[in-house]
Amino acid sequence: MATRPTTGKSAARTTAAARPAPGSVAGSWWQSLLRRADDALGWAMARAGSAWRALIRRAGGRLSFATLIVSVLGLGDAAYLTYQHFSSATTFAGCSGGGTVNCEAVTTSPWSYLFGSHLLPVSVLGLAFFAFMTAVNSPWGWRLPWPAAHWARLIAVIGGIALVLYLIWAELFRISAICLYCTGVHILTFILFALIVSRAAFSGLRPVGEDG
Amino acid sequence: MGKAERNRARTARNRIAAHQAAAARAEQRRRILIVTGSIGLVLVIFVALLITRALIKPGQQLGGGPISAAVARQITHVPASTLASVGIGSLPAANLPIKPISGRTLTSGGKPEMLYIGAEYCPFCAATRWSMAVALSRFGTFGPLQGIHSSAKDLYPNTPTLTFYRQRYSSPYLAFTPVENLDVQKKLLQVLTKSQNNLWVTYGTSQGSHGYPFVDFGNKAAIYGPLYSPQVLHGLTWAQVANKLKNPTDPVARAVDGEANYITASICKMTGNKPSSVCAAAPITAIESRL
């Protein structure tokens with residue numbers, strides 16, 4: 001196991017008041033402990049930093065990695081909304097009913113189904129959307145050699161943002177209530193839209209690694 | 001190659017390089033325009049929605065009035081076959097704000113008492129009243145019905161409904177005690193008695209608060225919230241709602257009649273399954289067994 005060379009910095013970090021008298025047994029024990037702690041911290045930070053850089057490299061760069069993070073967050077939010085839909089729960093953590101912010105009013109309204117059809121719950125559609133996004137925004141997804149996959153990602157996110165605008169319209173003009181968890185999904189979809197459109201515009205619809 | 005020739009070649013190379021740089025800059029501008037344009041378009045639509053919503057004034061409060069005899073008859077005479085066909089309709093089979101309770105039997109005039117606490121402004125009460133009217137009609141007779149609309153400034157504004165303020169009702173099986181606590185403007189309309197308030201707090205409390213609507217079925221069962229969304233009634237008139245109640249496939253009937261069956265089953269629990277012509281009917285026994 002590689003260890004970082006010990007420097008004099010660790011000793012300098014202790015204040016004079018806290019430091020035991022130099023030359024004493026306690027003092028050398030204290031300095032040794034501090035050096036070890038400093039070495040361990042430096043080693044852990046270096047490992048974490050290189051792991052983080054490797055992760056971003058594997059994901060195909062910062063932008064691609066960001067799309068994966070946003071997709072996973074959206075997947076979690078959409079999964080919670082889907083669970084709430086099918087469990088017919090009447091309470092949402094941190095989104096109690098009664099005023100303009102009212103998750104229950106939104107998720108039990110006819111607008112919680114696609115175009116009020118009572119066939120496809122919007123939460124299920126959101127879950128499917130983010131599951132697809134997590135797959136295509138994974139390191140493997142970004143490296144897929146088929147252009148169709150990269151077109152599908154772009155088309156899906158454009159469709160997603162269009163649906164988000166429709167749902168915001170429904171919340172503002174039909175239900176007169178806002179659901180915080182739905183708003184979370186809307187914001188994440190918007191961020192995903194901005195990231196994917198930016199990448200498509202600047203790097204084209206190509207797998208990562210081919211765009212230099 | 002002479003000096004002049006070399007200069008010409010260098011100039012040509014410089015011109016080509018300048019052209020390429022200009023083309024690259026133009027391409028970069030085009031890409032930036034695509035990105036900012038598409039993100040900007042989404043933001044502009046979003047801001048336009050917010051501004052439009054802020055500029056829209058709350059809808060004018062729609063008024064009330066007597067329900068015509070023909071419309072009242074449609075509300076109070078929903079065919080038993082329709083109710084049987086609807087079953088629980090669009091309502092879920094579980095996790096509804098309805099529960100069995102076991103307090104001292106609530107009675108009035110020697111009959112089991114059904115206590116309703118609601119408010120005229122409340123859109124969820126508006127939805128519940130339709131179902132109560134359909135269900136109670138199976139056990140007794142209503143006096144003239146009065147139509148109102150829920151508050152124009154609340155959720156599901158101007159939901160068409162009935163009011164039970166001073167509503168007359170007679171039944172050989174139960175006593176119906178409606179209390180419309182607040183009017184459409186949220187002003188006090190009817191004061192609760194201390195015992196009514198105690199029942200509301202005891203059996204109507206959910207997640208730390210008690211709200212409208214609350215229905216106590218003789219302390220045998222209680223409804224402590226909305227069973228379906230008032231959205232299904234949006235934009236309809238009293239006559240349109242009444243007319244839809246007999247069609248078992250209509251979304252209005254599936255919501256209103258579905259809740260009416262839940263209420264009927266709760267009343268049967270309270271009356272000891274009297275009358276059997278109602279309480280032994282197809283969906284009621286099944287729903288009652290689940291309560």
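The values are calculated or read from the model by the stated rules, or taken from the named source; none is laboratory data. This one's a predicted model, so the numbers in the text were calculated from it and none came from an experiment. Methodologically, a virtual Cβ is constructed for each residue, glycine included, from the backbone with ideal geometry; neighbour enumeration extends over all protein chains shown. To get the accessible areas, we keep the full protein, side chains included, count just its heavy atoms, and leave off ligands, DNA and RNA. Shrake-Rupley method; radii C 1.70, N 1.55, O 1.52, S 1.80 Å.
Miscellaneous remarks
- Evaluation of B:A94 against (1) over 22 Å from B:F217 (Cα atoms); (2) assigned to a loop (DSSP other than H, G, I, E, B); (3) open to solvent by less than 60 Å² (accessible area, probe 1.4 Å) (one fails), failing number: (1)
- Residue in region B:60-68 that is in contact (Cβ under 8 Å) with a residue 12 or more places away in the chain and among the aliphatic types (A, V, I, L, M) present: yes
For (1) within 13 Å of another protein chain (Cβ to nearest Cβ); (2) open to solvent by 20 Å² or more (accessible area, probe 1.4 Å); (3) not in a helix (DSSP H, G or I), each residue gets a yes or a no:
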position: A:R153; (1), (2), (3): no, no, no
position: A:R174; (1), (2), (3): yes, yes, no
position: A:Y181; (1), (2), (3): no, yes, no
position: A:I187; (1), (2), (3): yes, yes, no
position: A:I196; (1), (2), (3): yes, no, no
position: A:A201; (1), (2), (3): yes, no, no
position: A:L205; (1), (2), (3): yes, yes, yes
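- Qualifying residue in region B:212-222 (condition: in contact with a Ser or Thr (Cβ under 8 Å, 6 or more places away or on another chain) and among the hydroxyl-bearing types (S, T, Y)): no
- Test: residue in region B:121-134 that is surrounded by fewer than 22 Cβ atoms within 10 Å (Cβ to Cβ) and modelled with pLDDT of 95 or more: no
- B:Q231 fulfils the conditions (1) more than 14 Å from chain A (Cβ to nearest Cβ); (2) surrounded by 15 or more Cβ atoms within 10 Å (Cβ to Cβ) except for a single criterion, (1).
- Of the helices (runs of 4 or more DSSP H) contained entirely in region B:233-291, those carrying at least 1 residues that are farther than 20 Å from B:A72 by Cβ fall at B:251-271, B:276-279, B:282-290.
- Some residue of region B:151-168 being open to solvent by 50 Å² or more (accessible area, probe 1.4 Å), of a type outside the set (D, E, K, R) and at pLDDT 90 or above: yes
- Residues that are in contact with an Asp or Glu (Cβ under 8 Å, 6 or more places away or on another chain), open to solvent by less than 10 Å² (accessible area, probe 1.4 Å) and either aliphatic (A, V, I, L, M) or within 19 Å of B:P230 (Cα to Cα) (or both) occur at least once in region B:174-193.
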